[in-house]
Amino acid sequence: MRLAVIGGSGLGRLEALEITERLRPDTPYGDPSAPLVLGRLAGRELVFLARHGEGHTLPPHRINYRANIAALRECGVTHVIAVAAVGGITPAMAPGILVVPDQIIDYTYGREHTFFEGGESGVTHVDFTHPYSDVLRRCLLEAGAAAGVDIVDGGCYGCTQGPRLETAAEIARMERDGCDLVGMTGMPEAALAREAGLAYACLAVVVNWAAGKAEGIVSMAEIEANLALGMEKVKRVLLGFTVSLATPGSARRTPDGPDSGPR
Ligand code: HPA
């Protein structure tokens, strides 16, 4: 396996990564958000990509998701952990906690959302019943347990277009739809990873109550504070994840195991 981490808001770089190389692969879809940073984390090879660009310059709707996934695939990546900041909708999704969601609802529009454009290559449909890799999800949950970081197992991620936050009525509708979390970058990233045959899971950090779920308006200061605390936890989980992969004879499940297919 070759592991990549896509870092979102609050995770523009991984300080603990011993960098060996920076690559900017050419893709038929244009440039990825940033150079791919190759290196070792806890002795395990890892590729890091800053989703919003190195200086956090790309808003969610301007990210070239196709170029990002194509670049990772070109670089030999097989497994992707996507880190994302989200708002909490349902009661268990309080600010400060980490979640490994298991479902997605896509509310985005106007994004380049597929590699399969028809024409001479034919019409292709991929199964997306379970949008996240079950094996990778379980590895993340186990890494969290080993690192002493609580992670909520499961939840539905609703992906909105942004960059504005939602209205209270939009969040109420999303809750009726079954969403537990709201973010702006989970799609089409997850679907493109599936089309590209990459195993993909999301590690979400709840940084605020979604619109209408707390008194008053959404506070940017609260988001910033929870982002900083949450990303420290994310780094501990990622470190635990790579340590368990790098430990010879580790009893823990690894994505290289017999059930390591992309799903
Ligand atoms: N809505 C959408 N995306 C987000 C939010 C939110 O409340 N918080 C962090 N990302």
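Coordinate-derived values only; no laboratory data. Treat the numbers as computed from the prediction; the structure is a model and nothing was measured. Backbone-built Cβ (ideal geometry, glycine too); neighbour counts: all protein chains shown.
In segment 104-123 there is no residue matching the filter, namely being in contact with a Gly (Cβ under 6 Å, 6 or more places away or on another chain) and closer than 20 Å to Ala50 by Cα.
Which residue, of Leu227, Leu245, Leu239, is in a helix (DSSP H, G or I), under 17 Å from the mean Cα position of the chain (by Cα) and away from the ligand (no atom under 16 Å from the Cβ)?
Values: Leu227 fails: away from the ligand (no atom under 16 Å from the Cβ); Leu245 fails: under 17 Å from the mean Cα position of the chain (by Cα).
Testing whether each residue is in a helix (DSSP H, G or I), under 17 Å from the mean Cα position of the chain (by Cα) and away from the ligand (no atom under 16 Å from the Cβ) leaves just Leu239.
Yes or no, residue by residue, for (1) exposed (fewer than 15 other Cβ atoms within 10 Å of the Cβ); (2) under 21 Å from Gly158 (Cα atoms):
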residue	(1), (2)
Val100	no, yes
Gln103	no, yes
Thr108	no, yes
Arg111	no, yes
Phe116	yes, no
Ser121	yes, no
Thr124	yes, no
Ser133	no, yes
Gly144	no, no
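If I filter segment 11-21 for residues that are within 16 Å of the ligand (Cβ to nearest atom) and within 17 Å of the chain's Cα centre (by Cα), do I get at least one hit? Checked against the condition, which is being within 16 Å of the ligand (Cβ to nearest atom) and within 17 Å of the chain's Cα centre (by Cα), segment 11-21 yields at least one hit. Each residue in segment 147-189 was checked for being away from the ligand (no atom under 15 Å from the Cβ), out of contact with any Pro (no Cβ under 9 Å at 6 or more places or on another chain) and among the small types (Gly, Ala, Ser), and 3 pass.
Filtered by the rule that a residue be buried (at least 17 other Cβ atoms within 10 Å of the Cβ) and either at positive phi or among the aliphatic types (A, V, I, L, M) (or both), segment 2-38 gives Leu3, Ala4, Val5, Ile6, Gly10, Leu11, Leu14, Leu17, Ala34, Leu36, Val37, Leu38. Going through Gly96, Gly43 one at a time, which residue ends up being surrounded by fewer than 16 Cβ atoms within 10 Å (Cβ to Cβ) and more than 16 Å from the ligand (Cβ to nearest atom)? Within the list Gly96, Gly43, the selection yields Gly43.
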